[in-house]
1. Say a paramagnetic label sat at a point 7 Å from the Cα of residue 259, along Cα to Cβ; which residues of region 304-335 have their backbone N under 14 Å from it?
2. Which of the residue pairs 141/349; 20/90; 307/349; 69/307; 250/351 have a Cα-Cα distance greater than 22 Å in the structure shown?
3. Check which residues have an amide H placed less than 5 Å from residue 326's amide H, if you skip close sequence neighbours.
4. Quick one: give the max-minus-min coordinate of the C-alpha atoms of region 26-361 along each principal axis, largest first, in Å.
5. What's the extension gain from residue 315 to residue 285 if we count 0.36 nm per residue and subtract their Cα-Cα distance?
6. Mind telling me which of 283, 320, 349 comes out most flexible in a GNM of the chain, alpha-carbon contacts under 10 Å?
7. By its C-alpha gyration tensor, with a ≥ b ≥ c as the square roots of the eigenvalues, how is region 74-208 shaped: rounded for a/c under 1.5, else prolate for a/b larger than b/c, else oblate?
8. Can you give me the orientation-averaged projected area of the convex hull built on the Cα atoms of region 68-117, in nm²?
Amino acid sequence: MSIQEEIVSRQSKEKATDIKIIDTDVHHDIASVDDLVPYLSDHWKRYITDYKWKPTKSLPFHQVRSGTKYRGDTFGENNKPPGSDFELLKRQLLDEHNITYAVLGGWFHEATVATGWYEFASARASAYNDYTIEQWLNKDKRLLGSITIPADPVAAVREIDRVGPHPQMVQIMMSIGNFAWGDPYYHPIFEAANRHGLVIGMHLSADISVQGGDFLRYYVAWRAAHPQAYMTQVISLITNGVFDKYPNLKVALIEGGFEWVPFMMNRMDAAYKGLRQETPWVKRMPRDYFHDNMRFSTQPWHDISAKHFLDIIDMMGTDKTLMFSTDYPHWDFDAPMRTLPPKISDDLKNKILFENARELYNL
């Protein structure tokens, strides 16, 4: 670490000591699929131990910065994958940045986007949840968990009922892929979340293509298009009446940015005013669901001025929708004391860094 980096790090820790922070997007991982073996039945573990099953990689392009999407200092001993070393994550994130709570998202995409062989996907999801509890949640009360589920609603509900009562499990993670979760086929998942008082977390995955087009050729293009997928999910949830059916349900849209939210609120309101007869089960203006049922993470933070940031908040119509996230251990990690514009009020900073997430997750 250079002298300048040490100074910035020390200043960040000094400023962070008197403020509470909830990080809503932390990626913990397994070192290899062998880590799942102790949590699988004999029937399923042999696919890994004997048949050498490996998860598929669906991104077709070379990723950023030396071929990796991670910070260079987040690889553990013996080149362990970033996010797989509890002690390293604890030191680099929880302790260095004085994090009050960190919500682990995890390795959810691999099981959630599986469109076949649901039985094995369900077994892997259960194994990953048990791994998360034993190897992560049990080691630090600052860590909160997200339940990994398969895309099959019956198996997903079974897993939610099994793991949902754990006191550190606060949400169900659903991967934003190439299908819309608002479809009534998936409503049993929302019913289970509502019944257990769990948040629905939605996060992009490598399975995203671009709405209205083929899979993009470059990482930079794919990354720039992420908000399209989030918009599709929001529209699907509202028009399929998810929030009318489960009015207390909360959805956290994670790592999709937030600048697009006012645009989508206004566009959906305009469409609803002219076409509301098509979806009579939707009883409220779309912006009401944005305000009451949805929350959005700050990451990826785009370096905008305090004025423009406050303009976005004003156009949202509420200061309760944004929650802070670092996206650790990815290359575009956002440190809490160096992310929000310095010229915003302490009250707004507290809401974004802590209070909005505390209320969402009922902490």
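1. The answer is 304-313, whose backbone nitrogens lie closer than 14 Å to the label point.
2. Table pairs above 22 Å Cα-Cα are 141/349; 69/307.
3. 24, 25
4. 59, 44, 42
5. 9.2 nm
6. 283
7. Values: a/c = 1.97, a/b = 1.56, b/c = 1.26.
Prolate is the answer for region 74-208, as a/c is 1.5 or above and a/b outweighs b/c.
8. Seen from a random direction, the Cα hull of region 68-117 projects 5.0 nm² on average.
Values quoted throughout were computed directly from the atomic coordinates according to the rules given, and no laboratory measurement underlies them. Note that the structure is predicted; figures quoted are calculated from it, not measured. In this analysis, Cβ positions are derived from the backbone assuming ideal geometry, glycine residues included, and neighbour counts consider all displayed protein chains.
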